[in-house]
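Asks: Questions regarding the structure given below will be posed in turn.
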Amino acid sequence: MSKVMSMRDAVERFVPDGASVLLGAGLEGLIPFAAGHEIMRQRKHNLTLLGPISDMLFDQMIGSGCATRVCAAWVGNVSAGLGHCYRRAVEHGIPHPVEVHDHSNFTFALALSAAAQGVPYMPTRTALGTDLLKTNPGLRVIESPYDGSPLVAVQALEPDVAFVAVQRADEEGAAHCWGAMGVAAEACLASRSVVLVAEQLASHETIESDPNRVLAPHFRVSAVVHEPFACHPSPMQGFYGRDHAAYHAYHDVTRTETGFAAWENEWVHGVGDRRGYIAKLGHERLERLFIRRRRLAAEVDYGL
Amino acid sequence: MASEFTPGEIMVAAAAREIRDGEVAFVGMRLPLLAFCVAKRTHAPQAVGLFEAGVIRDAAPPSMLYTMCDPPNIAGAAGCVPMLTLMSVLQRGDVDVGFIGGAEVDRYGNLNTSYIGSYEAPKVRLPGSGGAADIACLARRLVIIMPHERRRFRTRVDYVTSPGFGAGPGWRAHVGLPGGGPSALITTMGVFEYDRAAGEAVLRSCHPGVTVDDIRRESGDLVFRVDTTEPTAGPTAEELSIIREYDPTGFWTG
């Protein structure tokens, strides 16, 4: 059964107001900006944003007012600096306050891993002695039942929906993903619904040709959105590089509330959909980001 | 020693020397990444670099990176694995040295990259931990790199994102932290090493043109000991040419 649908339909169906939404499982790469922008266009409310880093996407979504809670290890703009919208929301309640549950990258991965395995928590030694324990109710110190040593019990985090970008997926949700994947596999197991955002729609045979590269069991996937260039300005291995200039331009223009509003109108609402966004970027700019020199892996033989 | 270099460049050179040959280093971005590139191509050709997104590198990346997930960092990597795999390696004690920066550091090497002011009413919301807390908790040695500015040195940081020696000697063992804690603090003015038994910084060297008095004046509430100091060795011509090959416009080191 085909699970292919448009981004508009996927957001309408899987992101009700109040939902917890995981984006940016691949850290600074493979960030499905297209999904975040569609959520902003549909003016969703009261969302909880989940992700380890997500580069500047969370800053944009916070600025648009769709989030009231953030559960993340890092929110800002990786190459440019602090996130202005994040700062305005946390420091001044603009456009409204957001509640933050502070994670580290490791505790975030463990929180997903616990949900992925269907257990209430995962033990770790990271974060012991940190103030993350005070600003995240999902991190509690326990005593090991075996040797009495202190451990942090990281509470399971089960997103309502995860948007996970992949290079190619078939219609049923079997997908190949490569490059830096961060917590993508855990996200697919941990979430109630999984929406794959695929650069290419591939045949079942293509995916089956390399089963070791499959990201997650296809039956965990609820929808497949075929959306080329969905991760711009973040990179997708094998397809396009990172558009550094976009991060710096965003950082500069969003220093003020009105600057952010103008950016949002121009790049999110004004473009209508991802196609419009890509048309606005223009062929020349995209051309500069495309991978120029292919670098193919050696063949893998699954012969009988 | 090359005659002209920026504070960023001498920090990178000093940081590179903290990576010994054959070590496994948790690298991160910006200046630590440049330090890894310099170390790999000079005194530490057998060092291995880990990037928390899941990338393992035996060789310096071929070009300047803005993030660890940029495609040139993955092409030609020694491995690209789930983040949990590298965090597991870190937790089990296989990482010799990790690098992090901080907005604020205190007398016991605790770092804050989360909140200036209180959690309830922060004056500045900083980006948060990322992987910094994990590196500080779990790496065998921690090297801290930050600009030397008075406001960054505190008696006690407002928020411990990445723990150093906590409240002082014995604290790490008491709370159950397995890693060794800070071993060096590299700033734009000098290099400190940590007396790990006392949990305190000891000034080891001043960068060329900087005196101990200059450092005292600019160190705010940082408490540190001064034993014998010498000038920090500046970047060699080779180190400088490697730094500038990766950062030709001075984006990170200018």
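The values are calculated or read from the model by the stated rules, or taken from the named source; none is laboratory data. Note that the coordinates shown come from a computational prediction; the quantities given were computed from them, not determined experimentally. All Cβ positions, even for glycine, are placed from backbone atoms using ideal geometry, and neighbour counts span all protein chains on display. Accessible surface areas use protein heavy atoms only, side chains included; no ligands, DNA or RNA. Shrake-Rupley method; radii C 1.70, N 1.55, O 1.52, S 1.80 Å.
Asks: Past the 28 angstrom mark, what percentage of all C-alpha to C-alpha distances in chain A do you count?
Replies: For chain A, the fraction of Cα-Cα distances above 28 Å is 38 percent.
Asks: Rank by packing, highest mean first: peptides A:272-279, B:196-203, A:130-137, with packing defined as the count of other Cβ atoms within 10 Å averaged across residues.
Replies: Top of the packing list down: A:130-137, B:196-203, A:272-279.
Asks: Give the B-A buried accessible area in Å², both sides summed, 1.4 Å probe, nearest 100.
Replies: For B against A, buried area totals roughly 4000 Å².
Asks: For the peptides B:82-89, A:70-77, what is the packing order when you average, over each peptide's residues, the other Cβ atoms within 10 Å and list the highest mean first?
Replies: A:70-77, B:82-89
Asks: What average count of beta carbons from other chains do you get within 10 Å of the Cβ of residues in A:96-108?
Replies: Partner-chain Cβ atoms within 10 Å, mean over residues of A:96-108: 5.
Asks: Moving to a separate point now. How many angstrom lie between the C-alpha centres of region B:124-165 and region B:177-215?
Replies: 14 Å
Asks: Using the heavy atoms of the protein chains and a 1.4 angstrom probe, tell me the accessible area per residue for the protein assembly as shown in square angstrom.
Replies: In whole numbers, the protein assembly as shown has 38 Å² accessible per residue.
Asks: Out of residues 5 or more away from B:L111 or on other chains, whose amide H comes under 5 Å of its own, with H placed 1.01 Å from N in the peptide plane?
Replies: The list, which skips near neighbours in sequence, is B:T161, B:S162, B:G164.
Asks: Rounded to the nearest 20 Debye, what is the dipole magnitude of chain A about its Cα centre when Lys and Arg each give +1 and Asp and Glu each give -1 at the C-beta?
Replies: For this selection, approximately 440 debye.
Asks: A further question follows. Quick one: grab the alpha carbon gyration tensor of region B:2-246, order the square roots of its eigenvalues as a ≥ b ≥ c, and give me rounded if a/c is under 1.5, else prolate or oblate depending on whether a/b is larger than b/c.
Replies: Verdict is oblate for region B:2-246.
Asks: Okay, next question. By its C-alpha gyration tensor, with a ≥ b ≥ c as the square roots of the eigenvalues, how is region A:2-69 shaped: rounded for a/c under 1.5, else prolate for a/b larger than b/c, else oblate?
Replies: Cα axes put region A:2-69 in the oblate bin.
Asks: Per residue of A:142-155, count partner chain C-beta atoms within 10 Å of its C-beta, then hand back the mean as an integer.
Replies: Partner-chain Cβ atoms within 10 Å, mean over residues of A:142-155: 1.
Asks: Keeping all protein chains in position, work out how much accessible area A:D9 exposes to a 1.4 Å probe, and write it in Å² to the nearest 10.
Replies: 80 Å²
Asks: Rounded if a/c is under 1.5, else prolate if a/b is larger than b/c, else oblate: which is region A:124-265, with a ≥ b ≥ c the root eigenvalues of its Cα gyration tensor?
Replies: Since a/c reaches 1.5 but b/c is at least a/b, the shape of region A:124-265 is classed as oblate.
Asks: Applying the Karplus parametrisation 6.51 cos²θ - 1.76 cosθ + 1.60 with θ = phi - 60° to the phi angles of region B:17-22, what ³J(HN,Hα) value in whole Hz is obtained for each residue in order, glycine and proline being reported as x?
Replies: 6, 7, 9, 8, 4, x
Asks: Translational diffusion coefficient, Stokes-Einstein: compute it for region B:91-145 using the Kirkwood radius over C-alpha pairs as Rh, at 25 °C and 0.890 mPa s, and state it as an integer in µm² s⁻¹.
Replies: 204 µm²/s
Asks: Subtract the Cα-Cα distance of A:E172 and A:R293 from 0.36 nm times their separation in residues, and report this length gain in nm to one decimal.
Replies: Between A:E172 and A:R293, full extension yields an extra 40.4 nm.
Asks: Just checking the output field for A:68-78: average partner chain Cβ neighbours within 10 Å of each residue's Cβ?
Replies: Shielding by partners across A:68-78 averages 4.
Asks: Net charge around A:P228, counting only other residues with Cβ within less than 12 Å of its Cβ (Lys, Arg = +1; Asp, Glu = -1)?
Replies: Result for the neighbourhood of A:P228: +1.
Asks: Report the Cα centroid-to-centroid distance between region A:11-65 and region A:89-128 in angstrom, as an integer.
Replies: 16 Å
Asks: For the charge dipole of chain B, defined by +1 on Lys and Arg C-beta atoms and -1 on Asp and Glu C-beta atoms about the Cα centroid, which residue among B:V38, B:I242, B:V89 has the Cα displaced farthest towards the positive pole?
Replies: B:V89
Asks: Right, here's the next one. In a Gaussian network model over chain A where Cα atoms closer than 10 Å are linked, find which of A:G36, A:G65, A:G118 has the largest mean-square fluctuation.
Replies: Taking springs between Cα atoms under 10 Å, the residue moving most is A:G118.
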